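The values are calculated or read from the model by the stated rules, or taken from the named source; none is laboratory data. Just so you know, these numbers come straight off a predicted model, no measurement behind them. Glycine also receives a Cβ, built like all others from the backbone with ideal geometry; neighbour counts cover every protein chain displayed.
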Amino acid sequence: MKYLAGYPPALLAQVQQLVATEGLAPLLRSRYPGAMHEVQTDRALYDYVSELKSDFMRKAPPLSKVAFDSKLHVIRNALGTHTTVSRVQGSKLKAKREIRVASLFREVPLEWLRMIVVHELAHMKERDHDKSFYALCEHMEPSYHRLEFDVRLYLTHLDSGGERLWANPLPNPQPHAAPVSAP
């Protein structure tokens, strides 16, 4: 249960029991009964992040790129990243800011996408995961800590061999119609 390190032993025991009885999936589906969200492209993600940024962080520098990243969770063991790349342009130093979100968040409830976006936006103002960082996250998303815990539960569910709960179902093959014979 690597995603729940640092939580109290009593809570870990409850989660372990849910994993053993395959109770995590029903629990998560009951908490988030809707289908996955509509933010499926990098452009839609950029618009979604920009809207949140304009609501809560108007004075923050602009973002140059926002994208889903299919390699993020595997390579960096992270669900999202916020990077600043500084470049010299003539006599000036230009900074470009990027947010990358793990592709896993294409197939989850909108609340979870919002949680990870809020987390990465908070890094624009607060670098470290300290009290002021989490206060900013809670300001932008009052249910931040519950959502983060539920994402950790979902990652534990996936890590224990569970299926993706909100993934697009594969399209059903259409039965071939019997050929119509001409009279």
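A quick yes/no check of all residues on (1) in contact with a Pro (Cβ under 8 Å, 6 or more places away or on another chain); (2) of a type in the set (A, V, I, L, M); (3) under 28 Å from Arg29 (Cα atoms); (4) in contact (Cβ under 8 Å) with a residue 12 or more places away in the chain:
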residue: Val66; (1), (2), (3), (4): no, yes, no, yes
residue: His73; (1), (2), (3), (4): no, no, yes, yes
residue: Ala95; (1), (2), (3), (4): yes, yes, no, yes
residue: Ser103; (1), (2), (3), (4): no, no, yes, yes
residue: Ile116; (1), (2), (3), (4): no, yes, yes, yes
residue: Glu120; (1), (2), (3), (4): no, no, yes, yes
residue: Cys137; (1), (2), (3), (4): no, no, yes, yes
residue: Ala167; (1), (2), (3), (4): no, yes, yes, yes
If you take the residues of segment 1-28 that are touching a residue at least 12 places away in the same chain (Cβ under 8 Å) and under 26 Å from Arg100 (Cα atoms), which of them is surrounded by the most Cβ atoms within 10 Å (Cβ to Cβ)? Leu28
Inside segment 122-155, can you point out the residues that are over 15 Å from the mean Cα position of the chain (by Cα) and polar (S, T, N, Q)? Ser132
Return the residue satisfying two criteria in turn: it lies in segment 39-94 and is assigned to a helix (DSSP H, G or I) and basic (Lys, Arg), and of such residues it is farthest from Ala135 (Cα to Cα). Arg43
Out of the residues in segment 95-146 meeting the condition of being of a type in the set (Gly, Ala, Ser) and part of a strand (DSSP E or B), tell me which one is modelled with the lowest pLDDT. Ala95
